[in-house]
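*Asks:* Dropping a structure here in structure tokens format, bear with me for questions.
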Amino acid sequence: MGAGTSPADPAPAGRAAADEPREPGERDGRDGSTGPGPVADAEDAKDAKDAKGADDAPDTGKDGAAADGRPRRSRRFPRFTRDTARPEGGGRAASGDAPAPARQWPLLTVLCAAGLGLLVVVLDPFDQAFRVGTILIGGALIAGAVLRWVVPSVGMLAVRSRFTDLVTYGLMGTLIVLLALVAQPAPWLDVPILEDAVRFTIR
């Protein structure tokens, strides 16, 4: 019994409805929902958790996942590498509508030139064929280095970073060409330093 009221005064409709005990299966007439229960308690707990603020760190479980289901980012390196990043310039050399050979024409160019050099060395169809075939192989690697430097996307010719591929292709191709030029007998390139080095080694 509150102040300013008498036992004879009727109670307000909403207050009377709230004070009256409810049956377990009775529904609320205002919104058609059931009374407070486990679902309401869960919603209240969720609202209380959201009220902590966005600055709080998310709760994580045993597997390191956040409470909202998103995996937590770790700064540690993964134990197993599941994928690798495509190297710089490793995209298709042609559009996706082009056939596969056109999309990989830089790699096919280098492979065909190196294969032609190997074929010349194996068949030996003319004099100095060994030297010519070896120069073709080295020239193919040098051409691969030039393509890696000039062409923005070279497809599968890109193995590592652009700098590493340039050094690898260029150095190997240059060494192969130099060895083919100074090969005995009757070398095409006379390098006195190499002759002195060979003479000193043999002695």
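The values are calculated or read from the model by the stated rules, or taken from the named source; none is laboratory data. The structure displayed is predicted, hence computed values, not measured ones. Cβ: placed from backbone, ideal geometry, glycine included. Neighbour counts: every protein chain shown. For the accessible areas, the whole protein counts, side chains as well, though only heavy atoms, and no ligand, DNA or RNA atoms are used. Shrake-Rupley method; radii C 1.70, N 1.55, O 1.52, S 1.80 Å.
*Asks:* Among the residues of the range 111-118, is there at least one that is touching a Leu at 6+ places or on another chain (Cβ under 7 Å) and touching a residue at least 40 places away in the same chain (Cβ under 8 Å)? Outline the logic, then answer.
*Replies:* So the first thing to find is which residues in the range 111-118 are touching a Leu at 6+ places or on another chain (Cβ under 7 Å), and the list is 113, 116-117.
Subset that is touching a residue at least 40 places away in the same chain (Cβ under 8 Å): none.
Looking for residues that are touching a Leu at 6+ places or on another chain (Cβ under 7 Å) and touching a residue at least 40 places away in the same chain (Cβ under 8 Å), one finds none in the range 111-118, hence no.
*Asks:* Additional query: What is the one condition in (1) part of a helix (DSSP H, G or I); (2) open to solvent by 100 Å² or more (accessible area, probe 1.4 Å) that TRP188 does not satisfy?
*Replies:* Condition (1) is where TRP188 drops out.
*Asks:* From the list GLY96, GLY170, which residue is of a type in the set (Gly, Ala, Ser), free of Cβ contacts under 8 Å to residues at least 60 places away in the same chain, within 30 Å of VAL191 (Cα to Cα) and surrounded by fewer than 18 Cβ atoms within 10 Å (Cβ to Cβ)? Steps first, please.
*Replies:* On the way: GLY96 fails: within 30 Å of VAL191 (Cα to Cα).
Just a single option satisfies the conditions, and that option is GLY170.
*Asks:* While we're looking at this one, here's another question. Can you pull out the residues in the range 105-160 that are surrounded by fewer than 19 Cβ atoms within 10 Å (Cβ to Cβ) and not in a helix (DSSP H, G or I)?
*Replies:* ASP124, PRO125, PHE126, ASP127, GLN128, VAL151, PRO152, SER153, VAL159, ARG160
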